Amino acid sequence: MADKPNLRDLSLEEIEILIDGLGKEQYRARQIMKWLYANGATSFFEMTNLSRDFRDQIAASATIKEPAIRHIQASRDGTKKVLFGLADGQAIESVLIPGRNHWTACLSTQAGCAMGCRFCFTGSQGFKRNLLPSEITGQMTMLRRHIPEGRLVKNIVFMGMGEPLANYDNTIKAVQILTSDYGLGFSNRKITISTCGVVPMITQLGRDICVNLAVSLNATNDETRNELMPINRTYPLAELLAACRKYPMPGRRMLTFEYILLAGVNDSPKDAKALANLLRGIRCKLNLIAFNEFPGSPYRTPKPERISAFQQVLLDHHYTAILRASHGRDILAACGQLTGRGEHLAPAQGIF
Ligand code: SF4
């Protein structure tokens, strides 16, 4: 017999079809979604506005499963790295980054990553598999359950393990659940999908859904970018930037370009000037991130004065160029450092 579907992997329309097959009214699907996401139900027994018979019926046809929190590790700067165990034994990590009164949640979309960016610890660990929608939204629902009252997650960034656009359908389904009023009700203005540059899927994303886009750029010429990011050999800079120029940005939204500064590789004032020229005419902001060294990494963190000089060139060219404080460095929770192995772990209880 085939496995029962996990309701958390299904869209509203798919739950409607399931319920229709059980001879029930479609509006019940919205009630179930609200139980799953707004109320955080983990079993059918909690869905008290559904009849006992209907709950038994649907429990016989479907399950409710979420990833389990295995460990939470706290950084000195307040960042939390959360290790999740998946049903097949794989592990993934999410990061909660503290703001003044809120958290930003950084979610994973794949176990491992196949993109092989050379500055990235996650990439150096190889690819395991795509995450299911329930494993993507489940990071959020579980994190919310463990956050103390009064401090909300306001922003969601898909910058954890994996390339979101290489797990496109499941990522989009997860975003739809995160942003729908019958799901978690996040504003799409508060959701950012980050990509290393999977050009056809950037175009597709712009057609399918309205979320913020962040592009991990890191170089201003194909030679350097080919070396740092193998995806550039398939979709070189000119194609990537053409797709960026066409990406729809309603209102005052801006694209984000992330630029990891690697000592002696891409961090000179000349590189900064080339970057300013390359992005001319694109409504964007730049996040500059000093490289986070990891065990065995081939690159080094630039000196602070080199970073400041790079930033200054961009400011002089009237760009918004923010030097991102890299959160959670001491626990390998910073950009590109997630491995799903939960290094130096503390137990899950009592950390928040
Ligand atoms: Fe994958 Fe992103 Fe790391 Fe590149 S930077 S290897 S896309 S996780």
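What ranking, highest mean first, results for peptides 130-139, 173-182, 6-15 when packing means the other Cβ atoms within 10 Å averaged over each residue?
Highest mean packing first, the order is 130-139, 173-182, 6-15.
Please determine, in degrees from 0 to 90 and to the nearest 10, the orientation of helix 237-246 with respect to the longest principal axis defined by the Cα atoms of the chain, where the helix direction is its Cα long axis.
60 degrees
Just for the chain, what percent of DSSP beta bridges are antiparallel, to the closest 5?
Taking every DSSP beta bridge with both residues in the chain, the antiparallel ones total about 45 percent.
Can you tell me how much longer the chain between GLN125 and LYS285 gets when fully stretched, taken as 0.36 nm per residue apart minus their C-alpha distance, in nm with one decimal?
Taking GLN125 through LYS285 to full extension adds about 54.6 nm, to one decimal.
Does a label point 7 Å from the Cα of ARG300, set along Cα-to-beta-carbon, have any residues of region 260-281 with amide nitrogen under 20 Å, and which are they?
260-272
Using the Cα gyration tensor of region 204-294, with a ≥ b ≥ c the square roots of its eigenvalues, what is the shape: rounded (a/c below 1.5), prolate (a/b larger than b/c) or oblate (neither)?
Taking the square roots of the gyration eigenvalues as a ≥ b ≥ c, region 204-294 is prolate.
Between their Cα atoms, which of LYS128/LYS285; LYS80/LYS128; LYS81/LYS154; LYS128/LYS303; LYS34/LYS190 are more than 26 Å away from each other?
Working: LYS128/LYS285 33 Å; LYS80/LYS128 24 Å; LYS81/LYS154 17 Å; LYS128/LYS303 35 Å; LYS34/LYS190 21 Å.
Pairs exceeding the cut-off: LYS128/LYS285; LYS128/LYS303.
Computed FRET efficiency, Cβ-Cβ of THR234 and ASP181, R0 30 Å: what is it to the nearest 0.05?
Calculated transfer efficiency: 0.20.
Averaging over all projection directions, find the projected area of the Cα convex hull of the chain and quote it in nm² with one decimal place.
Working: hull surface 74.4 nm².
For the chain, averaging the hull's shadow over all directions gives 18.6 nm².
Please work out, to two decimal places, the log10 of the ratio I(q)/I(0) at q = 0.20 Å⁻¹ from a Debye calculation in which every Cα of region 7-59 carries one identical scatterer.
Debye output, listed in q order: -0.62.
Would you grab the residues whose amide H sits under 5 Å from the one on ASN6? Only those 5+ places off in sequence or on another chain, please, with H modelled 1.01 Å from N.
It is THR63, by chain and number.
With θ set to phi - 60°, apply the Karplus curve 6.51 cos²θ - 1.76 cosθ + 1.60 along region 11-25 and write out the HN-Hα couplings as whole Hz, x wherever there is a Gly or Pro.
Using θ = phi - 60°, the values come out as 7, 4, 4, 5, 5, 4, 5, 4, 6, 4, x, 8, x, 10, 6 Hz.
Helix-derived [θ] at 222 nm for the chain: sum -39500 (n - 2.57) over DSSP H runs of at least 4, divide by residue count, nearest 500?
Value at 222 nm, helices only, nearest 500: -9500 deg cm²/dmol.
Can you tell me the length gained on complete extension of the stretch GLU46 to LYS154, counting 0.36 nm per residue apart and subtracting the Cα distance?
Contour length minus the Cα-Cα distance gives 36.2 nm.
Averaging the inverse of every distinct alpha carbon separation and then flipping it gives the Kirkwood radius. What is it for region 29-138, in angstrom units?
For region 29-138, the Kirkwood estimate is 16.4 Å.
Enter the angle in degrees (range 0 to 90, nearest 10) between the Cα long axis of helix 199-208 and the first principal axis of the Cα atoms of the chain, meaning the one along which they spread out most.
50 degrees
Measuring from centroid to centroid over Cα atoms, what is the spacing of region 1-79 and region 182-236 in Å?
First find each Cα centre; the distance between them is then 30 Å.
Could you pull out every residue, at least 5 positions away or on a different chain, whose amide H is within less than 5 Å of the one on LEU323? Hs are placed 1.01 Å off N in the peptide plane, and Pro or chain starts have none.
For LEU323, the qualifying residues are LEU288.
Let's see if you can work this out: charge +1 on each Lys and Arg Cβ, -1 on each Asp and Glu Cβ, no other charges. What is the dipole magnitude of the chain about its Cα centre, in debye to the nearest 20?
That gives a dipole near 900 debye.
Computed from the coordinates by the stated procedures, all read-outs in this text should not be read as laboratory data. Here the structure is a predicted model, which means the values were calculated and not measured. With ideal geometry, Cβ positions are generated from the backbone for all residues, glycine too; neighbour counts draw on all protein chains shown.
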